[in-house]
Amino acid sequence: MFATSNRHHFFDRFTHSDAAVSKTSNHFVDKKLSMIGAACDVLFKKVTSISGFTRQIRLELLLLIKGLSKYWYIAIIGLNIAQVFVPLATLSQAIIPLSWLMCVLILSPIGARSHLNNTDSLLSYCNFSINKQALSVISAAILLLLLTTSGGLIRLLMTGELLMVAQMFIATFFISSLAFFCASLTNTNRTFEVIYPALWYLGPLHAALYLDYFGVNSQLSWQANMPLYFLGIAILLFTIGLLKSHRNYILR
């Protein structure tokens, strides 16, 4: 019996030791992420202090990323590191599209956030500009998507792949406009959460030319003018979403 008791105490030391190491490791990761976040926020405050609209974009971005898990940030940091080192084909075919897919749940409510949060009635008492708010939301969504692929964006700029850079900006505008359109039209976040992964799977992942909003095969995509078509579709989706937002505001 004494031997059994000693054996239990012996193994308990390792259990407590592992728990302490895990706790210390988590604390270290949390601390580093907080430091990175604080540094980015200070920098972003300076960049967006130009006007009231840019400050509103910053606030919209903070709303988008509010409450995200630390594991999401770790995954995005890992993907950004991968974007610098992987072959160019892998970057365009897999890493960049996967980075954008990580944002699907974040972007899905952007056109119906007030409805989903039950704050519709509060907006009627505010000096509220639907156009300005919609533009700031779309800008924040585009900025978030570009930040998740900043490693690839910097790499493409440094290597002179300007057509792919243009495709990235068009693709992020298209994704943001699609999210805004879906939420504004249906007043739910689920529509975009269903449509976008399907489009992602058929488009960039399988390089289906007429569904590839990013343009995995850059040369073929530009020959078929697909980036320009998706730019036009993005503008149309945003316009329809904006009109629906106006209608929703009137009907409150």
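The values are calculated or read from the model by the stated rules, or taken from the named source; none is laboratory data. Owing to the predicted nature of the structure, the values given are computational and were not obtained by experimental measurement. Virtual Cβ from ideal backbone geometry, glycine too; neighbours counted across all protein chains shown. Areas reflect the complete protein model, heavy atoms only, side chains present, ligands, DNA and RNA absent. Shrake-Rupley method; radii C 1.70, N 1.55, O 1.52, S 1.80 Å.
Quick notes on this structure:
- Stretch gain in nm, segment Glu193-Phe85, where the contour uses 0.36 nm per residue and the Cα spacing is subtracted: 35.9 nm
- Here the 3J(HN,Hα) profile of the stretch 179-193, calculated from phi with Karplus coefficients 6.51, -1.76 and 1.60 at θ = phi - 60°, is 4, 5, 5, 4, 5, 5, 6, 10, 6, 8, 8, 6, 4, 5, 5 Hz, Gly and Pro shown as x.
- Note on Leu88: accessible area is roughly 70 Å² with a 1.4 Å probe, heavy atoms of protein only.
- By accessible area with a 1.4 Å probe, ligands and nucleic acids excluded, highest first: order of Val165, Val47, Val29: Val47, Val29, Val165
- Under the Karplus curve 6.51 cos²θ - 1.76 cosθ + 1.60, θ = phi - 60°, whole-Hz ³J(HN,Hα) for the stretch 229-235, x wherever Gly or Pro sits: 4, 5, 5, x, 5, 4, 4
- The Ser69 and Thr186 beta-carbon pair, evaluated with R₀ = 30 Å, returns a calculated FRET efficiency of approximately 0.70.
- Rounded to whole Hz, the Karplus (6.51, -1.76, 1.60) HN-Hα couplings of the stretch 39-49, x for glycine and proline: 5, 5, 5, 4, 4, 5, 4, 5, 5, 9, 7
- Accessible surface for His206 stands near 110 Å², nearest 10, in the context of the full protein assembly shown (1.4 Å probe).
- Solvent-accessible area of Ser51 with every protein chain in place, 1.4 Å probe, in Å² to the nearest 10: 40 Å²
- Computed E for Arg113/Tyr201 - FRET, C-beta separation, R0 22 angstrom, nearest 0.05: 0.25
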